[in-house]
Amino acid sequence: MRFDVVTIFPAMFDAVSEWGISSRALQRGLWQLHRWNPRDYARDAYRSIDDRPYGGGQGMVMLPETLADTLQAIAAAQGEPRAPVIHLTPRGRPLDQAHARHLSGLPALTLLASRYEAVDQRLLDRHVDDEISIGDFIVSGGELPAMLLIDALVRLLPGALNDPRSALEESFSTGLLEGPQYTRPEVFEGAPVPPVLLSGHHARIARWRRDQSLRVTRDRRPDLIARARSEGRLDAADERALSAMASETNTHKTG
Ligand SMILES: C[S@@+](CC[C@H](N)C(=O)[O-])C[C@H]1O[C@@H](n2cnc3c(N)ncnc32)[C@H](O)[C@@H]1O
C-alpha cells in the first residue's frame, strides 16, 4: 500500500517509518511512505502556506493554492488512478476498525495533515474525498492523526503481524473489547492468575475468554453490546452469560 502524506513536519513520520511493527512492515515492502511538504510549493519568497481568515477571527487558514499544487504533484507521481485524498480533521467521521479495514484494502491513499485553525474550504470541496477524525478532542496538527491512521491500516496488511490471528482477535475485530490477559508469575502481589487459564482445557478457556470479553464490553461500551446483538453476533451462550452478569449486578444492588 502506498501512502503520500502532505505535512509541514515530514520528520514526524519517522515515528511510523522507524519504529515497531509499521517499520518492520515498511522494510518488508508491504507499504511505502512519500512525504510532501507544501512549503516546497509555496508561491512567495517566504514559503508562506497560510494567511489570515477572511471575515476576521482567530488563527490562520492554510492557503488553497499551495495545497492544490502539492496534491497535483502527488497525483502526477502516483499516476492513474489517483489515490483518494483524506483530510484528518476533528470535523471528520470518527475512525473505527471497520473503516480502517476497508481503507487497508486500497492500493494507495493521500493523507492531508493540516495545521493552524483550518484549511480553505474551497480546497477541501474540490480536492478532498473524505474527512476522518481520530476522536472528539483536539490535537495541534494532523500529523499524529495521520500516523494513527497509517499504523491502524498497516497492521491489517497481510504479513505485517507475525501472527495474523492477533489482528482477528483484537478489540473491535469481533465487535467486542478484548478481555484481560495474564502472564508469569502465577501469583503477583498476592493475586493469582484465574485458575481456568492453567487448566489446559481449551474449550473452557475459550468460553471464559469470551465471557470476560462480554463483561468488559458490557461495563465499558454497552453500545458495542447493543450493536453486536443487532448484527446477530451474540449466540445463546453469550446471552446466557450476559443475563448471569445482569443478575449479579441486580443482586449487588438489592443485597
Ligand atoms: C488545532 S487543530 C484545528 C481545529 C479546528 N479549528 C476545529 O475546530 O475543527 C489543527 C489540526 O489538527 C488536526 N486535528 C486536530 N484534532 C484532530 C482530530 N480529533 N482528528 C483528526 N485531526 C485532528 C487537524 O488536521 C487540524 O486541522
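Six or more apart or on different chains, Cβ atoms under 9 Å: show the pairs whose first residue is in region 124-147 and over 13 Å from His99 (Cβ atoms) and whose second is assigned to a loop (DSSP other than H, G, I, E, B) and open to solvent by 70 Å² or more (accessible area, probe 1.4 Å).
Gly141/Phe9; Gly141/Tyr116; Glu143/Phe9
From Ala42, Ala15, grab the single residue that is open to solvent by less than 50 Å² (accessible area, probe 1.4 Å) and more than 14 Å from the ligand (Cβ to nearest atom).
Matching residue, one of Ala42, Ala15: Ala42.
Can you pull out every residue in region 148-176 that is closer than 12 Å to Gln97 by Cα and assigned to a loop (DSSP other than H, G, I, E, B)?
Scanning region 148-176 gives Arg155, Leu156, Glu170, Ser171, Phe172, Ser173, Thr174, Gly175, Leu176.
Answer with yes or no whether Asp163 is more than 12 Å from the ligand (Cβ to nearest atom), more than 18 Å from the chain's Cα centre (by Cα) and surrounded by fewer than 17 Cβ atoms within 10 Å (Cβ to Cβ).
It is true that Asp163 is more than 12 Å from the ligand (Cβ to nearest atom), more than 18 Å from the chain's Cα centre (by Cα) and surrounded by fewer than 17 Cβ atoms within 10 Å (Cβ to Cβ).
Here's a check for you: in region 120-148, which residue that is more than 6 Å from the ligand (Cβ to nearest atom) and in contact with a Lys or Arg (Cβ under 8 Å, 6 or more places away or on another chain) is least open to solvent (accessible area, probe 1.4 Å)?
Only one residue fits best here, namely Ile132.
Test of understanding: among Glu169, Glu117, which residue is within 16 Å of the ligand (Cβ to nearest atom), open to solvent by 50 Å² or more (accessible area, probe 1.4 Å) and on the phi < 0 side of the Ramachandran plot?
It is Glu117.
Among the numbered criteria (1) open to solvent by less than 70 Å² (accessible area, probe 1.4 Å); (2) in a strand (DSSP E or B); (3) closer than 14 Å to Phe3 by Cα; (4) within 16 Å of the ligand (Cβ to nearest atom), which one does Leu33 miss?
Here Leu33 clears every test but (4).
Of everything in region 46-94 that's open to solvent by 70 Å² or more (accessible area, probe 1.4 Å) and assigned to a helix (DSSP H, G or I), which residue is farthest from the ligand (Cβ to nearest atom)?
Ala76
Look at region 181-239 and say how many of its residues are closer than 14 Å to Ser171 by Cα, exposed (fewer than 12 other Cβ atoms within 10 Å of the Cβ) and of a type in the set (S, T, N, Q).
Qualifying residue count, region 181-239: 1.
Can you confirm whether Arg47 is basic (Lys, Arg), at pLDDT below 95 and over 19 Å from the mean Cα position of the chain (by Cα)?
When the stated conditions are applied, Arg47 does not pass them.
Name every residue in region 1-12 that is surrounded by fewer than 15 Cβ atoms within 10 Å (Cβ to Cβ) and either free of Cβ contacts under 8 Å to residues at least 60 places away in the same chain or under 15 Å from Leu71 (Cβ atoms) (or both), in order of residue number.
Answer for region 1-12, where residues must be surrounded by fewer than 15 Cβ atoms within 10 Å (Cβ to Cβ) and either free of Cβ contacts under 8 Å to residues at least 60 places away in the same chain or under 15 Å from Leu71 (Cβ atoms) (or both): just Ala11.
Just to be sure I understand, how many residues within region 132-147 are small (Gly, Ala, Ser) and assigned to a loop (DSSP other than H, G, I, E, B)?
Residues that pass the stated criteria total 4.
The values are calculated or read from the model by the stated rules, or taken from the named source; none is laboratory data. Quick caveat, the model's predicted, so the values are computed rather than measured. Cβ: placed from backbone, ideal geometry, glycine included. Neighbour counts: every protein chain shown. Side chains are part of the model used for accessible areas, which takes the heavy atoms of the whole protein and leaves out ligands, DNA and RNA. Shrake-Rupley method; radii C 1.70, N 1.55, O 1.52, S 1.80 Å.
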